[in-house]
Amino acid sequence: MKESKNILRDSHGRVHSYLRISLTERCNLRCTYCMPENGVQLAPKSHLMTYEEVYDIARLFVKHGVTKIRLTGGEPLVRKDIPVILEKLASLPVELSMTSNAITIDRFIPDLKKYGVKNLNISLDSLDRKKFEQITRRNQFDKVYSNILLLIKEGFKVKVNAVLIKGFNDNEIIKFIHLTEKLPVSVRFIEFMPFDGNKWDMAKMVSYNDVMNRVHAVFQKEDLLKLSDAPHDTSKNFKIKGYIGSFAIISSVTNPFCDSCNRLRITANGQLKNCLFSSSESDLLTPLRQGKSIEGIIQKAVQAKFKIRGGMDTLKKLQDPDLHSNNRSMISIGG
C-alpha cells in the first residue's frame, strides 16, 4: 500500500510538528513593537474562530503530525471561553503551552494546571517600571512581575521573553541575566523584528553579537556555560555558572534558524501563515465553515514556504519596507 504524503512536509524537507494558534487580536497591553501607535482594525467577532473551530483545525493538524500547540494572541487570556478552549485541546495527544503577558494569569492557574499547560512564555521587556510603562503604554509592571514569581512558585516552567531595542532596554541585558541567579527561569533576548506599523529600523536592533559582547564584558569566560539546544530550537542557550536559571538569544534577523523550522501559525481569524515573516496567508476558516476539506489548502501553503524568512533571504531585502511592511502587525499575527 502506497504511503500517503505528509501534508506538513515542505519542499525543503522540513516537517512541521509545532502549531501556534492565535486566539484573539485583543490585548490589555499596547506594546510598541507589537501594536501600531494608532492600534489595529480588529476583525469582527464573526470573522474569528469559535472554540469549536479552534479545536477542529487543531485536531486536523494533530492528525497529520503536530505534537505541540502554543496558544498566543494578542493576549489569549482575554478570551472569555479560554477554559473551554483549554479543555477541548487537552483532549488531543499534544503538548499544550501558552504565551501571555501575565497580567491576569493568576486567575487561570487552576485551569492551566487542570489541562496540563506547564510551559509558559511571559513577555517582559524591561525590569524598570517607567520603561515598562513606556513600551507597553500601561502601568502594570508590579502585577506582571509578581505573577511571574507566583507561576514559578506554583511549579510552572517559565520563560521570560524580552524584545531588545537599542537605546531603550539593551542596557538591561546584564540585569536580566542576574535575574536567573536566584530564579529558575530562562530569559530569552529576542531581536527586534519588522512588522507593519512598528517603526522597525535595523539601527534599533540588538544582535546576537551585541548581546554576547555585553555578556563577555561582565562575566569570565569560564563562568559562561553553553547549554545544549533542543532540536528545532529557535534560541542559543547559555547559563552562568552557579546560577539557577539560564538565558538565551533568539536571533531571527541576524542568524535565522530557518533550516530547522518546524512551525506553522494560525491567526485568530483562521488564516494559515507558513512563516512569521511571510506576507502570504491561506484562508482555512471560510472553507471549514462551508464544510469543505482544508487539507489540500494546508498542503499547498506548506509547500509554498520559502527556505528563509518568507523569501527575504538577505538583510538588504529585510530592510526593504515594501517587503516587510506588507505583513500584518505582530498583534494580528499572534506572538
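The values are calculated or read from the model by the stated rules, or taken from the named source; none is laboratory data. Note that the structure is a prediction, hence the values are computed from the model and not measured. Every residue, glycine among them, receives a Cβ derived from its backbone with ideal geometry; neighbour counts consider all protein chains shown. Side chains are part of the model used for accessible areas, which takes the heavy atoms of the whole protein and leaves out ligands, DNA and RNA. Shrake-Rupley method; radii C 1.70, N 1.55, O 1.52, S 1.80 Å.
The table below lists the values:
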quantity: Accessible-area value, residue 163, 1.4 Å probe, nucleic acids and ligands omitted, Å²; calculated: 20 Å²
quantity: The range 211-305 shape via C-alpha gyration tensor axes, a/c threshold 1.5; calculated: prolate
quantity: Residue 63/residue 303 FRET efficiency (R0 22 Å; Cβ-Cβ; nearest 0.05); calculated: 0.75
quantity: Mean separation of Cα contacts under 8 Å (6+ apart) over length of the range 115-196, as relative contact order %; calculated: 33 percent
quantity: Principal axis dimensions, the range 224-272 - Cα atoms, whole angstrom, descending; calculated: 45, 22, 19
quantity: In nm, spacing of pseudo-spin labels at residue 204 and residue 157 (7 Å Cα→C-beta vector); calculated: 3.3 nm
quantity: List 211, 94, ordered by accessible area with a 1.4 Å probe, largest first; calculated: 94, 211
quantity: Approximate spin-label separation residue 279-residue 131, in nm, with each point projected 7 Å along Cα-to-Cβ; calculated: 3.3 nm
quantity: Dimensionless Rg/Rh of the range 139-249 - Kirkwood Rh, Rg from C-alpha atoms; calculated: 0.97
quantity: Net charge of neighbours whose Cβ lies under 14 Å from the Cβ of residue 179, counting Lys and Arg as +1 and Asp and Glu as -1; calculated: +1
